[in-house]
Each structure stands twice: as C-alpha cells, then as structure tokens.
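Written out below as structure tokens is the structure these notes cover.
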Amino acid sequence: MTLRRRSAAVVVLRLAIVTGVLAGVVLTALGPATVTGLLPYFTIQSNLAVGLVAGYAVWRGRPDPSDVLAAAVTLYITITAVVYHVVLANPASPFAMPQPDRALGEAFGNQLLHTVVPLLAVADWAVLRRHGRLRLRHALWWLAFPLGYLGFALVRGLVVHRYPYPFLDAGELGYAGVGIVSACLAVVFWLLGLLLVGIDRTLTRLRPASVPADPDPVPAARPAPAGSAPPDTATPPEEQAAEVV
C-alpha cells in the first residue's frame, strides 16, 4: 500500500468510526432513553472514547495517539461487544437483558454501538496502527477504567437506585455477589488485554519495521591521483621499538 493510499484509508476508516458512533448514539436516543440517560452506560462511554480518538486524529491531522492509549480504547470497545453479545443479549446467560421490540432506527443504532463500531475499531487498530510497543504490564494498567466504572456504577446506584447492568445490580445480587461477578469479569478483561498484547507482537513479526539507513555513512576513499606516491603506512621506528619492548 502506497503512502497516499494508506493515508486515504486511515481517513476513511476513522471517519466511518466517528460517523458510526454519532449515528449510534443519536438513533439509540430515539427510544425511551435520552442522550444524557445513555451516558452512564459503559457502551456509550467506550464508543465515545473510540470516536474521540479517531476524530481527533482526523481533525488535527496529527500522528496517531499513544500506542498504549489506542490499544486501551480498542480493548474497551471490544469489551463492549463481548459483554453485549455473550452476556446481555445471549438468552442462555444468567444476566441476559430482555430485548425489547425496537423501532428500525433504534435497532440499527444499537447494532452500530455494539457490533459495527467495535469491528471498525479493531480493524483500525490491527491494520492501520503501529505495533510492537505494548508490554504485558499494560494489560493490568488497562483495568483502571473498568474498575473505575464499577465504582461509579455502584455509587450512582446508591443515589438513583438503578444500575446500568444486571451483573452490577447490588440490590439484587448484594455487594458480595457484585464483587464476585466483577472479579470474574476483571480476569476476563485482563486476559483480553493479554490477547491484545499477543496480537500486537504477532503483527510486529508479520510486519517488521524497516531498518533505518545509516545517518552517517563512512565516505568511500577516493583513489589517489596518477603518479602520486602512496600514503606512508609504515610503522615509525619509535613505535616499532615500543612493540618489541
């Protein structure tokens, strides 16, 4: 891929991410929830984070943000997709949420936030971003936001007596139950972070960085003019004596 085509692909994909986030939030807000009512959900927060990172890069025309930050928001949007499809929208899950009959626009917005944007964000990270700078410790660092969200959801629940997700409902599960579920989810999220680091290293091996040119190449020796005496390379008598000693 040429540099020009790569730049065009980056802009198109990141504009698609921004458009998907905005459309998903607006269409979802057409249902019973309002935009402000949607903000406490991890889904909305992770989508907004991905949209802000992608939009800022396109708007400012700056280089990619920190590789650790880009991987973090990719992990969070992946968590959104995994939790929704495996836990919340899965009838076999003990925490499955009833799926109401949504209007077409609201249903499309829901899929944008939980499916389309996560796929676009993962594609952006895997194909268009730099790789090779993630470390295993980052998988632990990335848990800071989910753990902070857990504290936010529990404190908010004490105030409004409502929790964003069934597995965080301290009124139904008790704080011990929420703690057990949260610990299990934290392990899963940590493993997802390790998987992301592993994929990053694999992509680095598949796409090794080119070796930079030597900035200070040694100039080649010029041939001596015809008829000139060759340079005196003989060892001086003083050095010969020193070597003998």
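The values are calculated or read from the model by the stated rules, or taken from the named source; none is laboratory data. On a predicted model such as this, the values are computed, not experimentally measured, just so you know. Methodologically, a virtual Cβ is constructed for each residue, glycine included, from the backbone with ideal geometry; neighbour enumeration extends over all protein chains shown.
Please tell me if residue 157 is crowded, with 18+ Cβ neighbours inside 10 Å, at negative phi and in contact with an Asp or Glu (Cβ under 8 Å, 6 or more places away or on another chain).
So residue 157 fits the description; yes.
For the range 162-176, how many residues are surrounded by 12 or more Cβ atoms within 10 Å (Cβ to Cβ), closer than 16 Å to residue 147 by Cα and not acidic (Asp, Glu)?
Within the range 162-176, residues that are surrounded by 12 or more Cβ atoms within 10 Å (Cβ to Cβ), closer than 16 Å to residue 147 by Cα and not acidic (Asp, Glu) number 6.
Going by the structure shown, is residue 149 over 23 Å from residue 37 (Cα atoms) and either in contact with a Leu (Cβ under 7 Å, 6 or more places away or on another chain) or hydroxyl-bearing (Ser, Thr, Tyr) (or both)?
no
What number of residues within the range 115-126 are surrounded by 22 or more Cβ atoms within 10 Å (Cβ to Cβ) and touching a Ser or Thr at 6+ places or on another chain (Cβ under 7 Å)?
Number of matching residues: 3.
When you go through 38, 48, 88 one by one, which is the residue that is surrounded by fewer than 21 Cβ atoms within 10 Å (Cβ to Cβ), more than 23 Å from residue 187 (Cα to Cα) and over 15 Å from the mean Cα position of the chain (by Cα)?
38
For the range 156-169, enumerate the residues that are more than 21 Å from residue 80 (Cα to Cα) and in a helix (DSSP H, G or I). Explain how you work it out, then say what you get.
Step one: of the range 156-169, the residues more than 21 Å from residue 80 (Cα to Cα) are 158-161.
Result: 158, 159, 160.
Out of the range 107-138, which residues are farther than 16 Å from residue 77 by Cβ and free of Cβ contacts under 8 Å to residues at least 60 places away in the same chain?
Answer for the range 107-138, where residues must be farther than 16 Å from residue 77 by Cβ and free of Cβ contacts under 8 Å to residues at least 60 places away in the same chain: 107, 137.
Kindly establish whether residue 27 is of a type outside the set (Val, Ile, Thr), more than 15 Å from the chain's Cα centre (by Cα) and modelled with pLDDT of 90 or more.
yes
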